[in-house]
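Colleague: My questions will all concern the structure given below.
The values are calculated or read from the model by the stated rules, or taken from the named source; none is laboratory data. Being a predicted model, the structure only gives us computed values, none of them experimental. Positions of Cβ are backbone-derived with ideal geometry, glycine not excepted, and every protein chain shown enters the neighbour counts. Quick note on the areas: whole protein, heavy atoms, side chains included, nothing else; ligands and nucleic acids left out. Shrake-Rupley method; radii C 1.70, N 1.55, O 1.52, S 1.80 Å.
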Amino acid sequence: MSQESIESRFAPILAEREVAALTRRRPLATSAQTPEMQINGLQVVNFSSNDYLGLANHPKLKEALQSVDSLSYGSGAAHLVTGHHLEHHLLEDEIADWLGCERALLFSTGYMANLAVQQTLMQKGDWILADKLNHASLIDGARFSDADLKRYPHNDMQALEKRLKQAQAENRQCLIVTDGVFSMDGDFAPLDEIQALAKTYQAWLFVDDAHGFGAVGPHGQGTFEHFGLTPDDNTILMGTFGKAFGTSGAFVAGSEILIETLIQLARPYIYTTASSPINAKVTREALRLVQDADDARQQLQRHIQHFRDGAAQIGLTLWPSESAIQPIMIGDSQRALDWSDALKQQGYWVGAIRPPTVPKNTARLRVTLSASHTSEQIDGLLAALAQCADAFPSHSS
Ligand SMILES: *Cc1c(COP(=O)(O)O)cnc(C)c1O
C-alpha cells in the first residue's frame, strides 16, 4: 500500500467538517480580557469567557505584577529539579488552608492535573466511574490510566449505584469522577448523593471543580460548599486558576498521602517545567481577591437570575442551571452558528458550542455571566436574543 501524504489524509477530514458546520475558528482578541472587548475587529460585549468574578484584568493583579523584581519570568526547571519557587510553595499552602485540606499541589494546567490524578491513582483492574458529560480532559485522563473506564448517564445516581454494586461484588476499587459544575451545561453534580454513595461503597471521589472554585458557594469554596459538604480523606479536589481566579494553572487538593503520592509518581507533574513563579505570585493575589469577593458572588447570582427571567420571557430553551454557565439550546450546528453570527453583528460575543464538544444535535449557545457585567449589558444581550428568536423562528420546534 502506498504511503499517504498528510494532505491526502486530512484534507478530506477538514472538508467534511466544513460541510457539517463543525470547523473551529479562533476568535482573535486585540484588547484585554474584560466584558467589553475587541474580537475579530468587532467591538463586542463578551459573554463567552470564564472570568466569572472579573479578575483577569483586575488592577490588584496588575499591581502584584509590578512588584516582581526579585522573580524571574521563567522557572528554569521542573518542580523536582530547581523550578519549585517559594511563590509556588506559598500558593499551595494558602490553597490548602483556604479549603481546609492537608495539602495542595500546583499543576501548569487543569488538563495536566486531570491526566495526573487518574493515571497515578488508578491501577489495572480498578474502575473509573465517570459522568458521561465530564470535561474532555477527565475523559483523556481516564484513557491514559490502566483502569477500565465505565461511564454513567449524566447525573444518573441509579446507574452509578448499579456500577458500584457490581464493582463491590467483583472486589474492585472504584474512583468516581465528576465535574462539580458541568462546563457545557452549567448544572451541578448532586455531590450530596455522590458523596453518600462513595462512602457506602468505599469508592474514592474525584471532583473537577474548575467552574466551582471562586464562583460557587457563599465563600467561593466551590460545589462542596454549595452543598454544605466536607470532603473526606478519600476525596480528591481539582481546581483551575484560569476561570474565576483570572490567571492560569491548576491545583489538586486533598490528604497528605495523596499529594505526596502525586509528587513521587505523577508523570504530568514530574516531567514538565514548573509554571512561572510570577504567575504563582499573581495567583496568590487572585486568591486573596477570591476570598474577598462575597459581593461579586452575590452580584453574579443576581445576574444569573436576571438573565434566566429575561430568557424565559422570550421563550428560549434554557438548561436547569443555577451557575454562571447558561446554555441556550439550539440543536442544529449551522443554526447555532447563525445565531452566534447574528449576535456578534449586534455587538454580543456568544460562542456556538457544537459536537464533538457536546452530544450530536445539542448544539447550543453558551452564555457565561460575570460579576463584572452590568445589568444594562445583560438587557442588551436579551434584546439581541429576542431579535434572533424572531429572525430564526423554527428554534422552538
Ligand atoms: C477548563 C477546564 C479544565 C482544564 O483546565 P485548564 O487549566 O484550562 O487546562 C478542566 N476541567 C474543566 C471542567 C474545565 O472547565
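Colleague: Glu256: in contact (Cβ under 8 Å) with a residue 12 or more places away in the chain, more than 25 Å from Gln118 (Cα to Cα) and open to solvent by 10 Å² or more (accessible area, probe 1.4 Å), yes or no? Show your work before the answer.
Modeller: Numbers: in contact (Cβ under 8 Å) with a residue 12 or more places away in the chain: yes; more than 25 Å from Gln118 (Cα to Cα): no; open to solvent by 10 Å² or more (accessible area, probe 1.4 Å): yes.
The answer is no for Glu256.
Colleague: Please determine whether any residue of segment 250-267 is in a strand (DSSP E or B), within 22 Å of Val367 (Cα to Cα) and not hydroxyl-bearing (Ser, Thr, Tyr).
Modeller: Checked against the condition, which is being in a strand (DSSP E or B), within 22 Å of Val367 (Cα to Cα) and not hydroxyl-bearing (Ser, Thr, Tyr), segment 250-267 yields no hits at all.
Colleague: Now for a separate question. So, of the residues in segment 223-277 that are away from the ligand (no atom under 16 Å from the Cβ) and in contact with a Cys (Cβ under 8 Å, 6 or more places away or on another chain), which turns out to be farthest from Gln195 (Cα to Cα)?
Modeller: So the residue we want is Ser255.
Colleague: Identify all residues within segment 320-330 that are touching a residue at least 40 places away in the same chain (Cβ under 8 Å) and surrounded by fewer than 19 Cβ atoms within 10 Å (Cβ to Cβ); write none if there are none. Quick ask: steps written out before the conclusion?
Modeller: Step one: list which residues in segment 320-330 are touching a residue at least 40 places away in the same chain (Cβ under 8 Å), which gives 320-328, 330.
Residues satisfying the conditions are Pro320, Ser321, Glu322.
Colleague: Which one of Ala196, Ala203 is modelled with pLDDT of 95 or more and open to solvent by 20 Å² or more (accessible area, probe 1.4 Å)? First the steps, then the outcome.
Modeller: On the way: Ala203 fails: open to solvent by 20 Å² or more (accessible area, probe 1.4 Å).
The match here is Ala196.
Colleague: Taking only segment 332-356 into account, find how many residues are of a type in the set (S, T, N, Q) and open to solvent by less than 20 Å² (accessible area, probe 1.4 Å). Walk me through how you get there before you give the answer.
Modeller: If we filter segment 332-356 for residues that are of a type in the set (S, T, N, Q), which is where we start, we get 333-334, 340, 345-346.
Adding the requirement that they be open to solvent by less than 20 Å² (accessible area, probe 1.4 Å) leaves 333, 340.
Residues in segment 332-356 being of a type in the set (S, T, N, Q) and open to solvent by less than 20 Å² (accessible area, probe 1.4 Å): 2 in total.
Colleague: Hey, could you check segment 47-100 for residues that are acidic (Asp, Glu) and in contact with a helix residue (DSSP H, G or I) (Cβ under 7 Å, 6 or more places away or on another chain) and say which is most open to solvent (accessible area, probe 1.4 Å)?
Modeller: First, the residues of segment 47-100 that are acidic (Asp, Glu): 51, 63, 69, 87, 92-94, 97.
Filter again for in contact with a helix residue (DSSP H, G or I) (Cβ under 7 Å, 6 or more places away or on another chain), leaving 87, 94.
Values: Glu87: 23, Glu94: 48 Å².
So, considering only residues that are acidic (Asp, Glu) and in contact with a helix residue (DSSP H, G or I) (Cβ under 7 Å, 6 or more places away or on another chain), the one most open to solvent (accessible area, probe 1.4 Å) is Glu94.
Colleague: Which pairs have Cβ atoms under 7 Å, sit 6 or more apart or on different chains, and link a residue in segment 18-45 that is open to solvent by 40 Å² or more (accessible area, probe 1.4 Å) to one that is in a loop (DSSP other than H, G, I, E, B) and of a type in the set (S, T, N, Q)?
Modeller: Pro27/Asn40; Leu28/Asn40; Ala32/Asn57; Gln33/Ser49; Gln33/Asn57; Gln38/Thr30; Gln38/Ser31
Colleague: Looking at segment 1-28, which of its residues are closer than 30 Å to Ala296 by Cα and more than 16 Å from the ligand (Cβ to nearest atom)?
Modeller: We begin by selecting, within segment 1-28, every residue closer than 30 Å to Ala296 by Cα; these are 26-28.
Once the filter is applied, which keeps residues that are closer than 30 Å to Ala296 by Cα and more than 16 Å from the ligand (Cβ to nearest atom), segment 1-28 yields Pro27, Leu28.
Colleague: Right, another one. Kindly establish whether Asn171 is away from the ligand (no atom under 16 Å from the Cβ), open to solvent by 10 Å² or more (accessible area, probe 1.4 Å) and assigned to a loop (DSSP other than H, G, I, E, B). Walk me through how you get there before you give the answer.
Modeller: On the way: away from the ligand (no atom under 16 Å from the Cβ): yes; open to solvent by 10 Å² or more (accessible area, probe 1.4 Å): yes; assigned to a loop (DSSP other than H, G, I, E, B): yes.
So Asn171 passes the test.
Colleague: Still on this structure, please answer the following. Please work out if Leu160 is under 14 Å from Thr178 (Cα atoms), open to solvent by 10 Å² or more (accessible area, probe 1.4 Å) and in contact with a Phe, Trp or Tyr (Cβ under 8 Å, 6 or more places away or on another chain).
Modeller: When the stated conditions are applied, Leu160 does not pass them.
Colleague: When you scan segment 42-160 for strands (runs of 3 or more DSSP E) that lie fully inside it, which ones turn up with 3 or more residues that are more than 16 Å from the ligand (Cβ to nearest atom)? Let's see the steps before the verdict.
Modeller: Numbers: elements: 42-46, 103-107, 127-131, 148-152.
Where strands (runs of 3 or more DSSP E) fall fully within segment 42-160 and carry at least 3 residues being more than 16 Å from the ligand (Cβ to nearest atom), they are 42-46, 148-152.
Colleague: Cβ-Cβ distance below 8 Å, separation of 6 or more or different chains: which pairs start in segment 225-243 with a residue that is assigned to a helix (DSSP H, G or I) and end on one that is open to solvent by 60 Å² or more (accessible area, probe 1.4 Å) and more than 16 Å from the ligand (Cβ to nearest atom)?
Modeller: Glu225/Pro218; Glu225/His219
Colleague: For segment 351-384, name all the residues that are in a helix (DSSP H, G or I) and in contact with a helix residue (DSSP H, G or I) (Cβ under 8 Å, 6 or more places away or on another chain). Can you show your working first?
Modeller: Just the residues of segment 351-384 that are in a helix (DSSP H, G or I), to begin with: 375-384.
Hits for segment 351-384 are Ser375, Ile378, Asp379, Leu381, Leu382, Ala384.
Colleague: Report, by residue number, each residue of segment 208-222 that is open to solvent by less than 20 Å² (accessible area, probe 1.4 Å), in contact with a strand residue (DSSP E or B) (Cβ under 9 Å, 6 or more places away or on another chain) and more than 10 Å from the ligand (Cβ to nearest atom). Before you say what the answer is, go through the steps one by one.
Modeller: From segment 208-222, those open to solvent by less than 20 Å² (accessible area, probe 1.4 Å) are 208-217, 220, 222; that's our starting set.
Going one step further and asking which of them are in contact with a strand residue (DSSP E or B) (Cβ under 9 Å, 6 or more places away or on another chain), we end up with 208-216, 220, 222.
Within segment 208-222, Phe213, Gly214, Ala215, Val216, Gly220, Gly222 qualify.
Colleague: Within segment 174-187, work out how many residues are surrounded by 24 or more Cβ atoms within 10 Å (Cβ to Cβ) and part of a strand (DSSP E or B).
Modeller: 6
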